[in-house]
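The values are calculated or read from the model by the stated rules, or taken from the named source; none is laboratory data. Here the structure is a predicted model, which is why all the values come from computation and not from measurement. So basically every Cβ, Gly included, is an ideal-geometry build from the backbone, and we count neighbours across all protein chains shown.
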Amino acid sequence: MSDYPAPLQCPHGEIPVGQRTLLMGIINMTPDSFAGDGLNGSVQAALGQAEEFVAGGADIIDIGGESTRPGSTAATAQEELDRVLPALEAIRVAVDVPISIDTNKAEVARQALDAGADIINDVYALRREAMLELAAASGVPVILMHMQGTPGDMQQNPTYEDVIGEICDFLAERIAAAVDAGISEQQIIIDPGFGFGKTVNHNLEIIRRLGEFRRLGRPILVGPSRKSTIGAVLNRPVHQRLWGTAAICAAAIINGADIIRVHDVAQMSEVARMTDAIVRGWNGDAGS
């Protein structure tokens, strides 16, 4: 009898959780990504990136058409659709891994699911109009993320009395709301929202105490890739944050992360495999 949770059920296959760390590769179709990887709607670039990610070890491709960087302004649903649908359709034909749609708009999620997406990844944790109902009707896995405020104002003055307790309470409430709406609890992933309405010290505490989110009983996703906390600690610009990202990913895996959402898939795949060998054990040949 396995202690692993039930696999996530997607339209294009199962996602086993708990056996090893899963990698989610980020494809930004925006013109203004904070990480400098925005593809500005280019289908060919997105397709090439998706194929490179899968070759590098990605288990999930995450595609989004709206920047949620600090201080960003919201895109319209039509802007998102124009950016993501052609790329999503091309990627769906080319790769056989699950695809998540990174959106907080029900119409974008609906059309993306129709085009072949498998997962809804929502920074608002399905709090916006019709998202709960759509997710329940679709039956696909959902990612519920914590964010204090909105992308436009979340970094102005993030304040907590108890950052871990407050995030846990929020995520517990959103899990309950999702289940009440008809979403299977077995289809829910939680994300504490590294970098979304948090200071550097809040983010570091989230990684240090990540195991406390285990009490919610759902797989944990963490997305620290290239974020400003790394820049603050290491004094590195966004294009020089690979090693800082690697350190946070390793620490997150040690402390209980099931999925890491990253830009540099091939490199973080090696980080995850090495860290998993330490944390979960290794069945390879003996050697030095």
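Quick look at the values:
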read-out: Counted residues, segment 249-288 - those being in contact with a Leu (Cβ under 8 Å, 6 or more places away or on another chain), more than 17 Å from VAL200 (Cβ to Cβ), of a type outside the set (Lys, Arg) and not in a loop (DSSP other than H, G, I, E, B); value: 8
read-out: Whichever residue in segment 170-227 is among the charged types (D, E, K, R) and more than 25 Å from THR159 (Cα to Cα) and, among such residues, is surrounded by the most Cβ atoms within 10 Å (Cβ to Cβ); value: ARG218
read-out: Number of positions in segment 230-248 that are farther than 30 Å from ILE15 by Cα and not in a loop (DSSP other than H, G, I, E, B); value: 7
read-out: Residue check, ASP118 farther than 23 Å from ARG214 by Cβ and at pLDDT below 95; value: no
read-out: The lone exception for ASN203 - which of (1) closer than 18 Å to ILE259 by Cβ; (2) part of a loop (DSSP other than H, G, I, E, B) it fails; value: (2)
read-out: Only listed residue being at pLDDT 95 or above, crowded, with 23+ Cβ neighbours inside 10 Å and farther than 23 Å from LEU171 by Cβ, chosen from ARG241, ARG236; value: ARG241
read-out: Residue under evaluation ILE99, criteria (1) more than 30 Å from GLU185 (Cα to Cα); (2) buried (at least 24 other Cβ atoms within 10 Å of the Cβ); (3) hydrophobic (A, V, I, L, M, F, W, C), criterion not met; value: (1)
read-out: So VAL84, is it surrounded by fewer than 17 Cβ atoms within 10 Å (Cβ to Cβ) and closer than 30 Å to ALA55 by Cβ; value: no
read-out: Residue satisfying all of: in segment 150-165; touching a helix residue (DSSP H, G or I) at 6+ places or on another chain (Cβ under 7 Å) and in a loop (DSSP other than H, G, I, E, B); farthest from ARG128 (Cα to Cα) among these; value: TYR160
read-out: Candidates GLN78, GLN111 - the one that is polar (S, T, N, Q), surrounded by fewer than 24 Cβ atoms within 10 Å (Cβ to Cβ) and touching a Leu at 6+ places or on another chain (Cβ under 8 Å); value: GLN111
